[in-house]
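Worksheet: one structure, shown below.
The values are calculated or read from the model by the stated rules, or taken from the named source; none is laboratory data. Only a predicted model underlies this, so the values are computations on that prediction, with no experimental measurement involved. When we count neighbours, we look across all protein chains shown, and the Cβ atoms used for this are built from the backbone with ideal geometry, even at glycine.
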Amino acid sequence: FPVYPLSAKPLILLAFCRYRYHTSLFERPEFERMIQDVKNGLVERVIVKDLSRFGRNYILVGEYVELIFPKYDVQFVSVSENMDSEQGNLDMMPINNLVNEWYARDISKKQKASVKARGNNGKRLTTKPIFGYEFDPADHSAWIIDETAAAVIRMIFDMYVSGKGLSMIAKYLKEHEVPTPKVYASETAESDEPYNWSHSTLKSLLSKQEYCGDTVNFRTERISYKCKKIRSNPPEKWVIFKDTHPAIISRETYDKAQAIIGQKRKVFEERPKLSVPMFHDVLYCADCGKKLYIMRKNGKHINSDSYVCSTSRKNKALCTTHYIKEDELVKLLTADIHFYENYLIMDETALKNNIIRYIRIRQNENTAQYSERVKQIDVRLNEIPDVRKRLFEEKLNGAVSAEVFADIMTSLDDETNKLKAERSDCLLHIHSACDDAGGVEVFLARLKKYLHFDELTAEMIEDLVERIDVFEPEYPNPYTKVARIRICYIGVGDIRGMRE
């Protein structure tokens, strides 16, 4: 999709969708942005070269053309097939869509057959070498050892089979500033955590039989040509060809590592199944925005189920713990819900009007902020062409080298793209701002279901709460800790300001 401006109706959008049969058709970012603009009333007409460019999933294409577009009064035109929703000549569309999907399915089958034949004949199916190897310059299909990365692999295996755990290995690699495989593989990769090795990365490396010199095909497979999701195959489906490239570790070392992994997996599987935490999927860190992990009480060090910031658990330098006990959360949320219930019982109309009034004030403030940001972005976008012109003149005069010119132009391109994306987001927020009376009705209806409740339950939390942000606790004195949270309810968000 080309980037297109957001403006008031009417807007004619030429949507020539590029479709690749191996991708998930309707999960393209620009397509999703177009549909969002359709729902926001910013699009009057969608034009495609032909139906296959719009999509090859006949069910979803029919849903968009026959249900979604008419619902938002959007005209759909397919040029090649001479179809126009306003003229009502879409009778052949289901058949055309079905033929398009058959074509995609046939291509997918041929691709799978080709990949299967290559894999069964010993051809390596990976597109690039794994960490520890590189392509042989003389034979691009062969792998040779990358000694720098291979030294890291040997160290990881040696530490693991000698009894070191994944946490100890990750800590050692971080302290010695060893780049992660992702950072090492890309010279241009920028990361705030280039040495932050995770357990999953280490476990993946320790499980790769390729380090013994073997080729392992069909570890994974795509579920369907309609879906990008990849699933892992059981080992019995793997096809292994031994001694196809130089080995980094011995088979004895690899077998010892697999035995340790198997023992730990067995211990984990034998643990009793724990219940889903009461605040599952609603707790977030108020500072970094990441989810909070549960820490189960064990009777020795932790005497109550509690939650901590997931970022802090991985790297304490990036965020603080934001520690809070589940008992404290229950008390704070229970008291907050009881306040609105008592208000509802005393005067439902007053509660509804006050919430709507507060939401309007909040939306007006947000709209003003977004509008101001759009003005700032427009000023900068108008400045960039002049900067480009001056830079080009300086290059012609010899004041700027070709390398510096290319770097600055690239940074200006990146800045322009980011600013345009941010501008679109701001405009979406501005256009979507409205009096959310419907959301208030939803909130009050759900609140009525739990009048005079005795005990907070996971069902209530799921029904009422959208998210809870946990702040770092305050300490008025060395002996007192005050937990701080922000509760956002479904339909109305954070309405604590209404009570002030």
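Of the residues examined, Arg467 is not one that is out of contact with any Gly (no Cβ under 7 Å at 6 or more places or on another chain), over 16 Å from Leu329 (Cα atoms) and of a type outside the set (A, V, I, L, M, F, W, C).
Scanning the stretch 363-391 for residues that are at pLDDT below 85 and of a type in the set (S, T, N, Q) yields Gln363, Asn364, Asn366, Thr367, Gln369, Ser371. Checking each residue in the stretch 318-376 for being more than 27 Å from Tyr450 (Cα to Cα) and among the hydrophobic types (A, V, I, L, M, F, W, C) picks out Leu318, Cys319, Ile361, Ala368, Val374. For Thr321, the criteria (1) part of a helix (DSSP H, G or I); (2) at pLDDT 80 or above hold in every case but one, which is (1).
Among the residues of the stretch 43-65, the ones that are out of contact with any strand residue (DSSP E or B) (no Cβ under 7 Å at 6 or more places or on another chain) and at pLDDT 85 or above come to 0 in all. Among the candidates Thr220, Thr253, Thr201, the residue that is modelled with pLDDT under 90, of a type in the set (Ser, Thr, Tyr) and surrounded by 15 or more Cβ atoms within 10 Å (Cβ to Cβ) is uniquely Thr201.
Rundown of residues vs (1) at pLDDT 85 or above; (2) within 29 Å of the chain's Cα centre (by Cα), yes/no style:
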{"position": "Lys297", "(1), (2)": "no, no"}
{"position": "Asn303", "(1), (2)": "no, no"}
{"position": "Lys325", "(1), (2)": "yes, yes"}
{"position": "Ala335", "(1), (2)": "yes, no"}
{"position": "Asn353", "(1), (2)": "yes, no"}
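Residue count for the stretch 59-86 under the criterion of being touching an Asp or Glu at 6+ places or on another chain (Cβ under 8 Å), outside any strand (DSSP E or B) and of a type in the set (Ser, Thr, Tyr): the result is 1.
From the list Lys109, Lys128, the lone residue that is basic (Lys, Arg) and either more than 29 Å from Ile260 (Cβ to Cβ) or part of a strand (DSSP E or B) (or both) is Lys109. Beta carbons closer than 9 Å, at least 6 apart along the sequence or on distinct chains, pair a first residue in the stretch 396-423 that is more than 30 Å from Asp37 (Cβ to Cβ) and hydroxyl-bearing (Ser, Thr, Tyr) with a second that is surrounded by 11 or more Cβ atoms within 10 Å (Cβ to Cβ) and modelled with pLDDT under 85 for Ser401/Lys395. Tell me, please, whether a residue that is more than 33 Å from the chain's Cα centre (by Cα), assigned to a loop (DSSP other than H, G, I, E, B) and exposed (fewer than 14 other Cβ atoms within 10 Å of the Cβ) can be found in the stretch 139-160. Within the stretch 139-160, not a single residue is more than 33 Å from the chain's Cα centre (by Cα), assigned to a loop (DSSP other than H, G, I, E, B) and exposed (fewer than 14 other Cβ atoms within 10 Å of the Cβ). Among the conditions (1) touching a residue at least 12 places away in the same chain (Cβ under 8 Å); (2) among the aliphatic types (A, V, I, L, M); (3) not in a helix (DSSP H, G or I), Leu381 misses just one, which is (3). Output the number of the condition that Asp37 fails; it satisfies all remaining conditions of (1) in a loop (DSSP other than H, G, I, E, B); (2) modelled with pLDDT of 80 or more. Checking Asp37 against (1) in a loop (DSSP other than H, G, I, E, B); (2) modelled with pLDDT of 80 or more, the one that fails is (1).
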